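Novice: Sharing a structure below in structure tokens format, with a few things to ask.
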Amino acid sequence: MDLFMMNCELLATCSALGYLEGDIYHKEPDCLESVKDLIRYLRHEDDTRDIRQQLGAGQILQNDLLPIITQHTQDKPLFDACIRLMVNLTQPALLCFGKVPDDPAFRHHFLQVTSYLQAYKEAFADEKIFTVLSETLYNLLQLDWEQRAEEDNLLIERILLLVRNVLHVPADPYEEKNVDDDASIHDKLLWAIHMSGLDDLLKFLACAQSEQQWSFHILEIISLMFRDQTSELLVNAGQMRSAQEKQKDMQELELLRQKELAEKRSRTLLRGARHSRFRGSYVIQGLKAIGEKDVIFHQGLHNFKNYSHDVGKPTRRVPKRKQMAQDSENQRRSALNVRLFLREFCIDFLENCYNRLMYLVKEGLIRERAQQHDETYYLWAITFFMAFNRHQNFRPDVVSETISNRTFHFIEKNITNYYEMMLTDRKDATSWSRRMHLALKAYQELLLTVNEMDRSKDVNIQHSSNVIKSNIFYLMEFREIFLTLLRKYDERMQPRSFLRDLVESTHLFLKMLERFCKGRNSLVVQKKRVKRRKHSQKTLQTEPTPEDLEQTWQIVSQELRASESLTQSAVPFDATSETPVDEQRTEALGRIQDCIMSCAGPEALSLLRAARFPSINISVLKQRSLHMVLIICIKMLLISLNAKFANPSVVRPYIILLRSYSQNSVHTNHCITRMLHRLAVDLKMEALLYQLSIFSMFNKILEDPAVAVYQELVTFAKYVLNRFFVFATKNNKAFVELLFWKNVGAVREMTEGYNKDGSNLLTSLHKWTPEEEEQLQRLYEEYKDSGDIVETILPLLSISHTRREVVSHMVSMGLVDSVKDLKKESPLFIVFSVIFIDVLGNILKRITAKRSRARIVDKILSMGLVSDRRDLYKKRKPSAPGRSSGMVRLSGPVLWLQNSLNRTADDREEDGVSHPVALVPLTEENEDAMENKAFQKLLRAVGIRAPTDGQESFWRISSSLSVHQLRSVAASLDMVEETAAEGDSEGNQENSLTVEMEDNDNQEMRAQALRALLLSRQRKCASSKSKGKYPTYLKISKKRRRVLDDDDDDDDDQRGNEQ
């Protein structure tokens, strides 16, 4: 069917609407029924949207519907039906087709519907139409909530949707070829809205408490009104430029003039002195052709500079899936009257509506009362209006709703979600990339606003800025979001504008972080006087001076830069302790302070990362004079963060953006240069930039005719090149290394030397003396039968060495054949070898390195520990006859008890204070063990006090136990397990029938009873100060063991009879 020839029934329906005679529209008697018929036709259109296209080709909206609503407003049923029909006709083409069609036929229909929408938009650019809509909307809003009918609310929503649909129509790039300051169709539409007074009604709906259900519609309309606008242009509309702005424009104009003059001079030099027919031929020595001879150059010498082997070759076609993403940002300068109207609208909106509207929208998004992707309008509003407020007499109070840690968290969560969807939803990756770019710009604007608050003269505003900065600088999610985005940058899905904003945001964040650290070197907190008793004989510890702190910081910073790994087992908090969380935070800060003062930088940073304080309370810091701890902590995080940028996956995006240095702004080039300077100079990682593509870019910059414009880039490029040529004299493989991107390990190998196995020569710089070699050989002969020889030998050496040094020297001495003989056993193998009931569940609980369940299963299968995945499923062992079904395994609870004793000993040794510590079982296995009689006997034997009736709920480690006693008890648990294992093996030889009847649970309960017996004997011997106690402890009669077994059996039988 030809869509340009209207269907006969549709044509008859349209003819029954009425006719236009001059400027007067005469409606037919069946006009209302005809409008309803058109709505029904649209409801049953096909996938090509044939009805919509036929109505668009017939210009029904321009010739019939718009005259009806302007001239027959009093006919309310007809007016409502026409508004309903126009809402349907003007809905975006993306909603009609779902997405941009890939099929050429459907793509044609999509473009045809879009062209009809653009014609509708041009027809709506009339003041009379919006006057009718605004008057109708005003009359409906005058009604109280109780007086409004359901039809009135529907009409309000349809009018707002109609305005939204008309504003949403994109501009036609082929028809609207307007220059800046010229009125486009969108500008005419905005001016009609302004003249009709509809903009005032929108502001009323945004701030009225009784109209909060329209908040999402209002925000969407406002975002479409300011499409293609920039906040800077609106702020400067109709105002005289300042002297600073004029100076900036003059500098940019002068730079452009210098570029042009340099290009003219270079073109002049390219012109030959003779006619081109007499240019001659030349041999280029040192440059080989296809064969073994040198290249013959058949052009003038002035063209030799541009010679390349690629000249004349066809350009390789890049597949569509590998092409760079294109920027979709369109910005233009509207007519002056429109810019002035939008500027006044922004000022009124910020003054009266912004905070309330953003609060309502945020609540709707959190409570999931919004439609899909409505958060993009919220992110746009943050970006635009906060930027406008920053340029227009900055006032934090008018945008206070979006200046908070919650907003930072909301944006960071959306950025992460958009990135994950971009990876999973490959077909719609471009749309997810645009949304992520919008969220990134909102995050950047928040940082700019906080930075502007920091410059304010108001002390309260500065204090609020410091509170926000303390949180965003301290929390890892906010601190490393830019690092993650740089590492994951993909130029196929993310455009160059995204990378530009990302680089500038990273530069701003690091600049704020550095200034935050530098500005607090001389922070002084008022001391609180404490009354001291006269009879106290304790010596007072003097506080360190700022000079001592600065010296300590220099040592700690050097250790942090030199350290390769951090301690992963740092535990800053104790979940089972009765101490409140706030006091534990203070104690954790004290431990960090102690580590810093003792120059243990890596340990302090490990504690700092593990603590993850949600907020820092300065009043708490005053209690222990820890006001400098926070500053040093932030400095440590700054050094750690800067070191993470020394990665080729982070450097590569900067080089991609540097390729367009001539199109970049001065600020963008400065951000790139500053980051590369941090890596090359601050971190002394200039070898990270020794890469051929980077040197090619430097060569292009140095040979640019307008090189005087890029002085900062030129200075840095010369510095890196000079360092490389000096380095090349020392390393004969330097030019080969240019072919590869390098990580930190490769950089250290380049600068410090190579080893045969690829390890760093820094580890072999220390020469072993004959005495040390003799000691190493003696220790090896003594402990060669132990499990891990190297771990046993390391603490016994007279001079400290690393594991790699000891292993390599043992191989060179011939003590072992290869490094594989000394390889540590995999922690996964060790854990698997001792756990066999719930294999996978226990491995996940006990393995040190964090791995997913799937990766652990694959690793176990690859190691050959099991042959089938089903072997890793949880197995249930049947209870032995005559035993209680509630019997539990006690190996896990004993291990938990041992760890609790060791942790309590460490805390008491560090704090110097002994207080009862509750044993809080956090797992079901430990809870069942606490109700087991055998385990309770063990608890009483080791000195753990039972809970007092009516007062306590948990067993507690007694405060009378010293640090030495706690560690002895914890160590004896392992010793008793070994003794019990030996006793079990002897018992098996004597009475195999009895052992066969006993299951694994009975063996573990015997071991627990043996532990209780041995510990009680240890205490008796310790009290009597007897000598030679350990041999006595290990002398356990088998008869006694059988008696204990019988007692346990009796207890179990009795428990089973009671049940």
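The values are calculated or read from the model by the stated rules, or taken from the named source; none is laboratory data. Here the structure is a predicted model, which means the values were calculated and not measured. Backbone-built Cβ (ideal geometry, glycine too); neighbour counts: all protein chains shown. All accessible areas refer to the heavy atoms of the entire protein, side chains included, with ligands and DNA or RNA removed. Shrake-Rupley method; radii C 1.70, N 1.55, O 1.52, S 1.80 Å.
Novice: In the stretch 369-415, what residues are among the hydroxyl-bearing types (Ser, Thr, Tyr) and in contact with a Ser or Thr (Cβ under 7 Å, 6 or more places away or on another chain)? Before you say what the answer is, go through the steps one by one.
Specialist: Taking the stretch 369-415 and keeping what is among the hydroxyl-bearing types (Ser, Thr, Tyr), we get 376-378, 383, 400, 402, 404, 407.
Answer for the stretch 369-415, where residues must be among the hydroxyl-bearing types (Ser, Thr, Tyr) and in contact with a Ser or Thr (Cβ under 7 Å, 6 or more places away or on another chain): just TYR377.
Novice: Which residues, counting only those in the stretch 328-349, are at pLDDT 90 or above and within 37 Å of the chain's Cα centre (by Cα)?
Specialist: Of all residues in the stretch 328-349, those at pLDDT 90 or above come to 337-349.
Across the stretch 328-349, the qualifying residues are LEU342, ARG343, PHE345, CYS346, ILE347, ASP348, PHE349.
Novice: I'd like to know if the stretch 136-159 contains one or more residues that are under 39 Å from the mean Cα position of the chain (by Cα) and either closer than 30 Å to ALA206 by Cα or modelled with pLDDT under 95 (or both).
Specialist: yes
Novice: Out of all the residues in the stretch 327-360, which are open to solvent by 90 Å² or more (accessible area, probe 1.4 Å), in a loop (DSSP other than H, G, I, E, B) and out of contact with any Lys or Arg (no Cβ under 9 Å at 6 or more places or on another chain)?
Specialist: GLN331
Novice: Another question, if that's okay. Restricting to the stretch 369-386, count the residues that are assigned to a helix (DSSP H, G or I) and open to solvent by 10 Å² or more (accessible area, probe 1.4 Å).
Specialist: The qualifying residues number 6.
Novice: Yes or no: ARG395 open to solvent by 40 Å² or more (accessible area, probe 1.4 Å) and under 22 Å from GLU351 (Cα atoms)? Full working, then the answer.
Specialist: Numbers: open to solvent by 40 Å² or more (accessible area, probe 1.4 Å): yes; under 22 Å from GLU351 (Cα atoms): yes.
So ARG395 passes the test.
Novice: Step by step: first the residues of the stretch 290-326, then only those that are open to solvent by less than 80 Å² (accessible area, probe 1.4 Å) and among the aliphatic types (A, V, I, L, M), then the one that is modelled with the highest pLDDT. Which residue is that?
Specialist: Ranking the qualifying residues of the stretch 290-326, first place goes to VAL295.
Novice: Among (1) among the charged types (D, E, K, R); (2) assigned to a helix (DSSP H, G or I); (3) over 22 Å from LYS121 (Cα atoms), where does ARG52 come up short?
Specialist: Result: ARG52 fails condition (3) only.
Quick grid of which residues meet (1) outside any helix (DSSP H, G or I); (2) open to solvent by 60 Å² or more (accessible area, probe 1.4 Å); (3) of a type outside the set (A, V, I, L, M, F, W, C):
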| position | (1), (2), (3) |
| --- | --- |
| LEU161 | no, no, no |
| HIS186 | no, no, yes |
| MET195 | no, yes, no |
| LEU202 | no, no, no |
| SER210 | no, yes, yes |
| LEU219 | no, no, no |
| LEU224 | no, no, no |
| GLY238 | yes, yes, yes |
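Novice: May I ask you to say which residue of GLU477, GLU491 is in contact with a helix residue (DSSP H, G or I) (Cβ under 7 Å, 6 or more places away or on another chain) and open to solvent by 60 Å² or more (accessible area, probe 1.4 Å)? So that I can check it myself, show each step before the final result.
Specialist: Details: GLU491 fails: open to solvent by 60 Å² or more (accessible area, probe 1.4 Å).
It is GLU477.
Results for (1) touching a Gly at 6+ places or on another chain (Cβ under 9 Å); (2) under 17 Å from MET86 (Cβ atoms); (3) of a type outside the set (D, E, K, R), shown as yes or no for each residue.
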| position | (1), (2), (3) |
| --- | --- |
| ARG107 | no, no, no |
| GLN112 | yes, no, yes |
| PHE124 | no, yes, yes |
| LYS128 | no, yes, no |
| LEU137 | no, yes, yes |
| ARG148 | no, no, no |
| ARG158 | no, yes, no |
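Novice: Looking at ASN389 and the list (1) surrounded by 15 or more Cβ atoms within 10 Å (Cβ to Cβ); (2) part of a loop (DSSP other than H, G, I, E, B); (3) of a type in the set (S, T, N, Q), which single condition is not satisfied?
Specialist: (2)
Novice: Identify the residue in the stretch 9-49 that is among the aliphatic types (A, V, I, L, M), open to solvent by 80 Å² or more (accessible area, probe 1.4 Å) and not in a helix (DSSP H, G or I) and, among all such residues, is nearest to HIS108 (Cα to Cα). Steps first, please.
Specialist: Just the residues of the stretch 9-49 that are among the aliphatic types (A, V, I, L, M), to begin with: 10-12, 16-17, 20, 24, 32, 35, 38-39, 42.
Restricting the remaining residues to those that are open to solvent by 80 Å² or more (accessible area, probe 1.4 Å) gives 11, 20, 24.
So of that shortlist, the ones also not in a helix (DSSP H, G or I) come out as 20, 24.
Numbers: LEU20: 32, ILE24: 36 Å.
Only one residue fits best here, namely LEU20.
Novice: If you go through the stretch 77-88 one residue at a time, do you hit one that is closer than 17 Å to ALA16 by Cα, touching a Ser or Thr at 6+ places or on another chain (Cβ under 7 Å) and without any contact (Cβ under 8 Å) to a residue 60 or more places away in the chain?
Specialist: Yes: one or more hits.
Novice: Taking the stretch 496-515 as the region of interest, how many residues are surrounded by fewer than 20 Cβ atoms within 10 Å (Cβ to Cβ) and among the aromatic types (Phe, Trp, Tyr)?
Specialist: 0
Novice: I'm checking my understanding of the structure. Among residues of the stretch 918-938 that are within 47 Å of the chain's Cα centre (by Cα) and aliphatic (A, V, I, L, M), which one is most open to solvent (accessible area, probe 1.4 Å)?
Specialist: Applying the filter and picking the extreme gives LEU922.
Novice: Still on this structure, I have one more. Would you say MET476 is over 21 Å from THR383 (Cα atoms) and touching a residue at least 12 places away in the same chain (Cβ under 8 Å)?
Specialist: So MET476 passes the test.
Novice: Just one of ARG659, ARG678 is surrounded by fewer than 20 Cβ atoms within 10 Å (Cβ to Cβ), closer than 20 Å to HIS507 by Cα and touching a Leu at 6+ places or on another chain (Cβ under 9 Å); which is it?
Specialist: On the way: ARG659 fails: touching a Leu at 6+ places or on another chain (Cβ under 9 Å).
The unique qualifying residue is ARG678.
Novice: Do we have any residue at all in the stretch 371-388 that's touching a Phe, Trp or Tyr at 6+ places or on another chain (Cβ under 8 Å), charged (D, E, K, R) and closer than 20 Å to ASP228 by Cα?
Specialist: yes
Novice: Which residue, of ASN664, ASN669, ASN699, ASN731, is among the polar types (S, T, N, Q) and open to solvent by 40 Å² or more (accessible area, probe 1.4 Å)?
Specialist: ASN699
Novice: Right, here's the next one. Here's a check for you: in the stretch 855-906, which residue that is basic (Lys, Arg) and within 15 Å of ASN932 (Cβ to Cβ) is modelled with the highest pLDDT? Give the steps one after another, and end with the answer.
Specialist: Of all residues in the stretch 855-906, those basic (Lys, Arg) come to 855, 859, 869-870, 874-877, 883, 889, 903.
Then keep just the ones that are within 15 Å of ASN932 (Cβ to Cβ); that gives 883, 889.
On the way: ARG883: 39, ARG889: 59.
Top of the filtered list is ARG889.
Novice: While we're looking at this one, here's another question. Please go through the stretch 939-955 and give me each residue that is outside any loop (DSSP other than H, G, I, E, B) and either among the acidic types (Asp, Glu) or open to solvent by less than 30 Å² (accessible area, probe 1.4 Å) (or both), ordered by number.
Specialist: Within the stretch 939-955, the first condition is being outside any loop (DSSP other than H, G, I, E, B), and the residues that meet it are 939-941, 944-945.
If the condition is that a residue be outside any loop (DSSP other than H, G, I, E, B) and either among the acidic types (Asp, Glu) or open to solvent by less than 30 Å² (accessible area, probe 1.4 Å) (or both), then LEU939, ALA941, ILE944 are the ones that fit.
Novice: Considering only residues that are out of contact with any helix residue (DSSP H, G or I) (no Cβ under 7 Å at 6 or more places or on another chain) and open to solvent by less than 50 Å² (accessible area, probe 1.4 Å), which ones fall in the stretch 421-455?
Specialist: Initial filter on the stretch 421-455 (out of contact with any helix residue (DSSP H, G or I) (no Cβ under 7 Å at 6 or more places or on another chain)): 423-424, 426-428, 430-431, 434, 455.
Matches in the stretch 421-455: SER431 only.
Novice: Going by the conditions given, is LEU85 assigned to a helix (DSSP H, G or I), farther than 30 Å from LYS427 by Cα and in contact with a strand residue (DSSP E or B) (Cβ under 9 Å, 6 or more places away or on another chain)?
Specialist: Numbers: assigned to a helix (DSSP H, G or I): yes; farther than 30 Å from LYS427 by Cα: yes; in contact with a strand residue (DSSP E or B) (Cβ under 9 Å, 6 or more places away or on another chain): no.
Against the criterion (assigned to a helix (DSSP H, G or I), farther than 30 Å from LYS427 by Cα and in contact with a strand residue (DSSP E or B) (Cβ under 9 Å, 6 or more places away or on another chain)), LEU85 does not qualify.
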